[in-house]
Amino acid sequence: MMTDISIIVPCYNEQEALPLFYAEITRVAEQMAPLTFEFVFIDDGSSDGTLSTLRSLAAQDKRVRFVSFSRNFGKEAAILAGLEAAEGAYIATMDADLQDPPALLPQLYRAVTEEGYDCAATRRTSREGEPPIRSFFARMFYKLINKISDADIVDGARDYRLMRRRMVEAVLSMREYNRFSKGIFGWVGFQTKWVPFTNVERAAGETKWSFWKLFLYSLEGIVAFSTAPLAIASVLGALLCAAAFLFIAVVILKTFLFGDPVSGWPSMMCVILFLGGIQLFCAGISGQYLAKTYLETKKRPVYLVRETEEGLK
Ligand code: UDP
Ligand code: MG
(Lines give C-alpha, C1' and ligand atoms only; values in the text may rest on other atoms or scores of the structure.)
(Ligands and ions follow the chains in the order given, each with its own letter.)
Protein backbone atom coordinates (compact mmCIF):
# COMPACT_ATOMS: atom_id res chain seq x y z
CA MET A 1 0.00 0.00 0.00
CA MET A 2 1.22 3.48 -0.78
CA THR A 3 2.16 5.79 2.06
CA ASP A 4 -0.11 8.80 2.44
CA ILE A 5 2.29 11.36 3.89
CA SER A 6 6.09 11.57 3.73
CA ILE A 7 7.79 13.87 6.21
CA ILE A 8 11.23 15.06 5.13
CA VAL A 9 13.53 16.29 7.86
CA PRO A 10 17.04 17.67 7.14
CA CYS A 11 19.28 17.15 10.17
CA TYR A 12 22.69 18.62 10.79
CA ASN A 13 24.00 17.98 14.31
CA GLU A 14 20.54 17.61 15.79
CA GLN A 15 21.15 14.93 18.41
CA GLU A 16 19.49 17.02 21.14
CA ALA A 17 16.47 17.99 19.07
CA LEU A 18 15.79 14.64 17.36
CA PRO A 19 14.19 12.75 20.28
CA LEU A 20 11.90 15.74 20.97
CA PHE A 21 11.04 16.01 17.29
CA TYR A 22 10.33 12.29 16.97
CA ALA A 23 8.04 12.33 20.02
CA GLU A 24 6.09 15.29 18.61
CA ILE A 25 5.77 14.05 15.02
CA THR A 26 4.61 10.58 16.09
CA ARG A 27 2.02 12.22 18.34
CA VAL A 28 0.71 14.23 15.38
CA ALA A 29 0.78 11.13 13.15
CA GLU A 30 -1.36 9.31 15.69
CA GLN A 31 -3.84 12.18 15.68
CA MET A 32 -4.10 11.93 11.91
CA ALA A 33 -4.74 8.18 11.80
CA PRO A 34 -5.74 6.26 9.71
CA LEU A 35 -3.42 8.20 7.37
CA THR A 36 -0.11 6.35 6.98
CA PHE A 37 3.23 8.10 7.42
CA GLU A 38 6.89 7.70 6.60
CA PHE A 39 9.59 9.87 8.17
CA VAL A 40 12.56 10.47 5.92
CA PHE A 41 15.45 11.96 7.91
CA ILE A 42 18.45 13.30 6.03
CA ASP A 43 21.67 13.24 8.04
CA ASP A 44 23.62 16.04 6.38
CA GLY A 45 27.09 14.86 7.41
CA SER A 46 26.54 15.46 11.13
CA SER A 47 29.54 15.08 13.44
CA ASP A 48 27.54 14.36 16.59
CA GLY A 49 25.26 11.43 17.49
CA THR A 50 22.61 12.27 14.88
CA LEU A 51 23.34 9.23 12.70
CA SER A 52 23.33 6.73 15.57
CA THR A 53 20.06 8.24 16.86
CA LEU A 54 18.57 7.76 13.40
CA ARG A 55 19.83 4.17 13.22
CA SER A 56 18.15 3.29 16.48
CA LEU A 57 14.91 5.09 15.58
CA ALA A 58 14.82 3.19 12.27
CA ALA A 59 15.41 -0.10 14.09
CA GLN A 60 12.44 0.41 16.41
CA ASP A 61 9.99 2.13 14.02
CA LYS A 62 9.36 0.84 10.49
CA ARG A 63 8.09 4.25 9.39
CA VAL A 64 11.50 5.82 9.98
CA ARG A 65 13.83 5.93 7.00
CA PHE A 66 17.04 7.88 6.67
CA VAL A 67 19.60 8.96 4.13
CA SER A 68 23.04 9.78 5.46
CA PHE A 69 25.39 11.95 3.36
CA SER A 70 29.11 11.33 2.96
CA ARG A 71 29.74 14.88 4.27
CA ASN A 72 27.87 18.12 4.92
CA PHE A 73 26.23 19.21 1.66
CA GLY A 74 23.89 21.86 3.09
CA LYS A 75 20.17 22.02 3.74
CA GLU A 76 19.22 22.53 0.08
CA ALA A 77 20.92 19.25 -0.85
CA ALA A 78 19.23 17.52 2.08
CA ILE A 79 15.80 18.70 0.96
CA LEU A 80 16.47 17.47 -2.58
CA ALA A 81 17.60 14.05 -1.29
CA GLY A 82 14.44 13.84 0.81
CA LEU A 83 12.14 14.75 -2.08
CA GLU A 84 13.84 12.11 -4.23
CA ALA A 85 13.56 9.42 -1.55
CA ALA A 86 9.98 10.17 -0.45
CA GLU A 87 7.28 7.77 -1.59
CA GLY A 88 4.15 9.35 -0.16
CA ALA A 89 1.23 10.86 -2.07
CA TYR A 90 1.70 14.06 -0.04
CA ILE A 91 5.12 15.25 0.92
CA ALA A 92 6.06 17.65 3.70
CA THR A 93 9.39 19.22 4.57
CA MET A 94 10.16 20.53 8.05
CA ASP A 95 13.09 21.35 10.33
CA ALA A 96 14.23 19.02 13.08
CA ASP A 97 14.33 21.72 15.76
CA LEU A 98 10.52 22.05 16.16
CA GLN A 99 10.62 25.62 14.79
CA ASP A 100 8.21 24.25 12.18
CA PRO A 101 5.45 23.03 14.50
CA PRO A 102 4.32 19.53 13.46
CA ALA A 103 0.96 20.40 15.05
CA LEU A 104 0.16 22.52 11.96
CA LEU A 105 0.26 19.42 9.78
CA PRO A 106 -3.48 18.55 9.93
CA GLN A 107 -4.29 22.10 8.81
CA LEU A 108 -1.82 21.90 5.92
CA TYR A 109 -3.19 18.52 4.91
CA ARG A 110 -6.75 19.84 4.88
CA ALA A 111 -5.76 22.78 2.67
CA VAL A 112 -4.37 20.40 0.07
CA THR A 113 -6.97 17.64 0.21
CA GLU A 114 -10.18 19.60 0.84
CA GLU A 115 -9.54 23.15 -0.33
CA GLY A 116 -8.06 22.20 -3.68
CA TYR A 117 -4.56 23.64 -3.26
CA ASP A 118 -1.45 21.89 -4.61
CA CYS A 119 0.61 23.04 -1.71
CA ALA A 120 0.21 24.51 1.74
CA ALA A 121 3.19 26.48 2.94
CA THR A 122 3.93 28.29 6.15
CA ARG A 123 4.95 31.85 6.76
CA ARG A 124 5.97 33.28 10.08
CA THR A 125 4.30 36.52 10.96
CA SER A 126 6.80 37.74 13.53
CA ARG A 127 10.53 37.63 13.74
CA GLU A 128 10.62 37.68 17.53
CA GLY A 129 13.76 36.39 19.16
CA GLU A 130 15.82 37.47 16.16
CA PRO A 131 18.39 40.30 16.19
CA PRO A 132 16.68 43.45 14.74
CA ILE A 133 19.45 44.07 12.21
CA ARG A 134 18.95 40.55 10.87
CA SER A 135 15.21 41.17 10.44
CA PHE A 136 15.95 44.46 8.69
CA PHE A 137 18.26 42.88 6.13
CA ALA A 138 15.86 39.96 5.65
CA ARG A 139 13.04 42.41 4.80
CA MET A 140 15.28 44.32 2.37
CA PHE A 141 16.27 41.07 0.70
CA TYR A 142 12.67 39.97 0.08
CA LYS A 143 11.70 43.40 -1.28
CA LEU A 144 14.66 43.39 -3.64
CA ILE A 145 14.41 39.85 -4.96
CA ASN A 146 10.69 40.15 -5.66
CA LYS A 147 11.38 43.26 -7.74
CA ILE A 148 14.10 41.65 -9.84
CA SER A 149 13.04 38.03 -10.26
CA ASP A 150 9.96 36.32 -11.66
CA ALA A 151 9.81 33.70 -8.93
CA ASP A 152 7.33 34.75 -6.27
CA ILE A 153 9.30 34.68 -3.01
CA VAL A 154 7.25 35.38 0.09
CA ASP A 155 8.69 37.30 3.06
CA GLY A 156 8.92 35.13 6.14
CA ALA A 157 8.30 31.93 4.16
CA ARG A 158 9.74 28.89 5.91
CA ASP A 159 10.83 25.72 4.21
CA TYR A 160 7.92 24.04 6.04
CA ARG A 161 5.34 22.99 3.47
CA LEU A 162 3.15 20.11 2.35
CA MET A 163 2.90 19.39 -1.37
CA ARG A 164 1.03 17.11 -3.69
CA ARG A 165 3.17 14.59 -5.55
CA ARG A 166 2.58 16.53 -8.80
CA MET A 167 4.28 19.64 -7.46
CA VAL A 168 7.18 17.64 -6.01
CA GLU A 169 7.76 16.16 -9.46
CA ALA A 170 7.88 19.68 -10.89
CA VAL A 171 10.47 20.65 -8.28
CA LEU A 172 12.52 17.54 -9.05
CA SER A 173 12.45 18.34 -12.75
CA MET A 174 14.59 21.40 -11.99
CA ARG A 175 18.01 19.85 -12.19
CA GLU A 176 20.13 22.86 -11.28
CA TYR A 177 23.17 22.45 -9.09
CA ASN A 178 22.80 25.76 -7.25
CA ARG A 179 19.54 25.05 -5.47
CA PHE A 180 17.75 27.94 -3.80
CA SER A 181 14.61 26.19 -2.55
CA LYS A 182 12.57 29.30 -1.76
CA GLY A 183 13.05 30.35 -5.38
CA ILE A 184 12.45 26.91 -6.84
CA PHE A 185 9.15 26.46 -4.97
CA GLY A 186 8.06 29.90 -6.14
CA TRP A 187 9.21 29.37 -9.70
CA VAL A 188 7.24 26.16 -10.33
CA GLY A 189 4.03 28.02 -9.51
CA PHE A 190 0.96 25.88 -8.66
CA GLN A 191 -1.68 26.96 -6.16
CA THR A 192 -0.16 27.62 -2.78
CA LYS A 193 -2.06 28.42 0.38
CA TRP A 194 -0.03 30.47 2.88
CA VAL A 195 -0.60 29.53 6.48
CA PRO A 196 0.74 32.12 8.96
CA PHE A 197 2.07 31.22 12.38
CA THR A 198 4.06 33.02 15.05
CA ASN A 199 7.76 32.35 15.33
CA VAL A 200 8.82 29.57 17.69
CA GLU A 201 12.26 29.35 19.27
CA ARG A 202 14.45 26.34 18.61
CA ALA A 203 13.63 23.41 20.95
CA ALA A 204 17.26 22.34 21.53
CA GLY A 205 20.69 22.68 19.96
CA GLU A 206 21.65 25.86 18.11
CA THR A 207 21.17 27.55 14.75
CA LYS A 208 23.65 26.84 11.96
CA TRP A 209 23.24 30.27 10.40
CA SER A 210 25.50 33.20 11.16
CA PHE A 211 24.73 36.65 9.77
CA TRP A 212 27.53 36.31 7.22
CA LYS A 213 26.28 32.90 6.03
CA LEU A 214 22.78 34.33 5.61
CA PHE A 215 24.16 37.27 3.65
CA LEU A 216 26.03 34.98 1.23
CA TYR A 217 22.91 32.81 0.96
CA SER A 218 20.84 35.85 -0.07
CA LEU A 219 23.39 36.64 -2.80
CA GLU A 220 23.07 33.04 -4.03
CA GLY A 221 19.33 33.51 -4.20
CA ILE A 222 19.64 36.67 -6.27
CA VAL A 223 22.18 35.19 -8.69
CA ALA A 224 20.12 31.99 -9.04
CA PHE A 225 16.80 33.69 -9.76
CA SER A 226 17.55 36.98 -11.43
CA THR A 227 19.85 38.38 -14.07
CA ALA A 228 18.93 41.95 -13.15
CA PRO A 229 22.35 42.72 -11.60
CA LEU A 230 23.91 42.13 -15.03
CA ALA A 231 21.49 44.62 -16.57
CA ILE A 232 22.19 47.08 -13.77
CA ALA A 233 25.91 46.77 -14.50
CA SER A 234 25.44 47.64 -18.18
CA VAL A 235 23.01 50.50 -17.49
CA LEU A 236 25.46 51.91 -14.96
CA GLY A 237 28.24 51.69 -17.55
CA ALA A 238 26.12 53.51 -20.14
CA LEU A 239 25.14 56.26 -17.68
CA LEU A 240 28.77 56.82 -16.72
CA CYS A 241 29.75 57.04 -20.39
CA ALA A 242 27.13 59.74 -20.92
CA ALA A 243 28.38 61.60 -17.84
CA ALA A 244 31.95 61.36 -19.13
CA PHE A 245 30.97 62.90 -22.50
CA LEU A 246 29.24 65.78 -20.73
CA PHE A 247 32.29 66.29 -18.58
CA ILE A 248 34.59 66.35 -21.63
CA ALA A 249 32.37 68.96 -23.28
CA VAL A 250 32.54 71.12 -20.15
CA VAL A 251 36.36 70.79 -20.02
CA ILE A 252 36.77 71.76 -23.69
CA LEU A 253 34.47 74.75 -23.31
CA LYS A 254 36.28 75.88 -20.18
CA THR A 255 39.65 75.59 -21.92
CA PHE A 256 38.48 77.81 -24.81
CA LEU A 257 36.92 80.41 -22.53
CA PHE A 258 39.46 80.62 -19.71
CA GLY A 259 42.68 79.07 -21.08
CA ASP A 260 44.27 75.93 -19.63
CA PRO A 261 46.00 76.31 -16.28
CA VAL A 262 47.18 72.99 -14.72
CA SER A 263 44.77 72.44 -11.92
CA GLY A 264 42.03 70.06 -10.87
CA TRP A 265 44.28 67.21 -9.79
CA PRO A 266 42.10 66.29 -6.76
CA SER A 267 38.93 66.17 -8.85
CA MET A 268 40.69 63.96 -11.38
CA MET A 269 41.74 61.53 -8.67
CA CYS A 270 38.16 61.35 -7.44
CA VAL A 271 36.92 60.51 -10.91
CA ILE A 272 39.59 57.86 -11.49
CA LEU A 273 38.96 56.19 -8.15
CA PHE A 274 35.21 56.27 -8.64
CA LEU A 275 35.41 54.76 -12.11
CA GLY A 276 37.91 52.12 -10.94
CA GLY A 277 35.51 51.13 -8.19
CA ILE A 278 32.53 50.90 -10.53
CA GLN A 279 34.55 48.79 -12.96
CA LEU A 280 35.60 46.32 -10.30
CA PHE A 281 32.04 46.17 -9.00
CA CYS A 282 30.64 45.36 -12.45
CA ALA A 283 33.40 42.86 -13.19
CA GLY A 284 32.53 41.25 -9.86
CA ILE A 285 28.86 40.93 -10.83
CA SER A 286 29.73 39.23 -14.14
CA GLY A 287 32.17 37.05 -12.21
CA GLN A 288 29.38 35.84 -9.92
CA TYR A 289 27.33 34.65 -12.86
CA LEU A 290 30.36 33.14 -14.56
CA ALA A 291 31.22 31.21 -11.39
CA LYS A 292 27.69 29.81 -11.16
CA THR A 293 27.75 28.84 -14.81
CA TYR A 294 31.10 27.13 -14.25
CA LEU A 295 29.70 25.07 -11.39
CA GLU A 296 26.55 24.17 -13.35
CA THR A 297 28.54 22.94 -16.37
CA LYS A 298 30.53 20.54 -14.19
CA LYS A 299 27.29 18.66 -13.49
CA ARG A 300 28.49 17.41 -10.13
CA PRO A 301 26.01 15.46 -8.02
CA VAL A 302 24.23 17.67 -5.49
CA TYR A 303 24.89 15.14 -2.69
CA LEU A 304 26.51 11.74 -2.08
CA VAL A 305 24.92 9.04 0.05
CA ARG A 306 26.96 6.94 2.44
CA GLU A 307 24.29 5.04 4.33
CA THR A 308 20.52 4.55 4.44
CA GLU A 309 18.19 2.61 6.73
CA GLU A 310 18.95 -0.38 4.51
CA GLY A 311 22.63 -0.23 5.40
CA LEU A 312 25.88 1.12 3.96
CA LYS A 313 25.89 2.05 0.28
N1 UDP B 1 20.44 21.88 8.29
C2 UDP B 1 20.99 20.94 7.40
N3 UDP B 1 22.22 21.18 6.86
C4 UDP B 1 22.95 22.30 7.16
C5 UDP B 1 22.38 23.25 8.04
C6 UDP B 1 21.12 23.02 8.58
O7 UDP B 1 20.36 19.93 7.11
O8 UDP B 1 24.07 22.43 6.65
C9 UDP B 1 19.10 21.63 8.89
C10 UDP B 1 19.04 21.71 10.40
O11 UDP B 1 19.38 20.49 11.01
C12 UDP B 1 17.60 22.08 10.66
C13 UDP B 1 17.25 22.94 9.44
O14 UDP B 1 18.21 22.62 8.45
O15 UDP B 1 16.73 20.94 10.69
C16 UDP B 1 17.26 24.42 9.76
O17 UDP B 1 18.49 24.80 10.35
P18 UDP B 1 18.58 25.85 11.53
O19 UDP B 1 17.55 25.55 12.56
O20 UDP B 1 20.00 25.89 11.96
O21 UDP B 1 18.21 27.19 10.76
P22 UDP B 1 17.24 28.37 11.29
O23 UDP B 1 15.98 27.73 11.77
O24 UDP B 1 18.00 29.05 12.37
O25 UDP B 1 17.03 29.22 10.07
MG1 MG C 1 15.85 26.40 13.20
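Some notes on this structure:
- Taking 12 Å as the cut-off, the amide N atoms of the range 202-226 that come nearer than this to a point 7 Å along the Cα-to-beta-carbon line of M140 belong to 215.
- Packing here is the average count of other Cβ atoms within 10 Å per residue, and on that basis the peptides 241-250, 165-174, highest first, run 165-174, 241-250.
- Surface share of carbon and sulfur [accessible, 1.4 angstrom probe, percent] for the chain: 62
- Shape category assigned to the range 1-152 from the gyration tensor of Cα positions, a/c cut at 1.5: oblate
- Local electrostatic count at K292 - Lys and Arg +1, Asp and Glu -1, tallied over other residues with Cβ under 15 Å: +1
- Charge dipole of the range 177-313 about the Cα centre (unit charges at C-beta), most positive-ward option of Y177, A244, I222: Y177
- Relative contact order (%) - the chain, alpha-carbon pairs under 8 angstrom, separation at least six: 22
- For the chain, share of DSSP beta bridges that run antiparallel, in % to the nearest 5: 35
- Radius 14 Å from Cβ of P301, net charge of other residues (Lys, Arg +1; Asp, Glu -1): +4
- Among the GluC sites (Glu not before Pro) in the range 202-298, those placed in a DSSP loop whose Cβ has at most 13 other Cβ atoms within 10 Å are E206.
- Exceeding the 28 Å Cα-Cα cut-off - candidates K213/K292; K62/K213; K62/K182; K193/K299; K75/K143; K62/K298: K62/K213; K62/K182; K193/K299; K62/K298
- Each peptide in 208-217, 106-115 was scored by the mean count of other Cβ atoms within 10 Å over its residues; highest first, the order is 106-115, 208-217.
- Principal-axis tilt of helix 211-225 within the chain, Cα atoms, nearest 10 degrees: 80
- The separation of the range 204-272 from the range 1-54, counted between C-alpha centres, amounts to 49 Å.
The values are calculated or read from the model by the stated rules, or taken from the named source; none is laboratory data. The shown structure was predicted, so the numbers you read here are calculated from the model rather than taken from an experiment. Backbone-built Cβ (ideal geometry, glycine too); neighbour counts: all protein chains shown. With ligands, DNA and RNA removed, areas are computed over all heavy atoms of the protein, side chains included. Shrake-Rupley method; radii C 1.70, N 1.55, O 1.52, S 1.80 Å.
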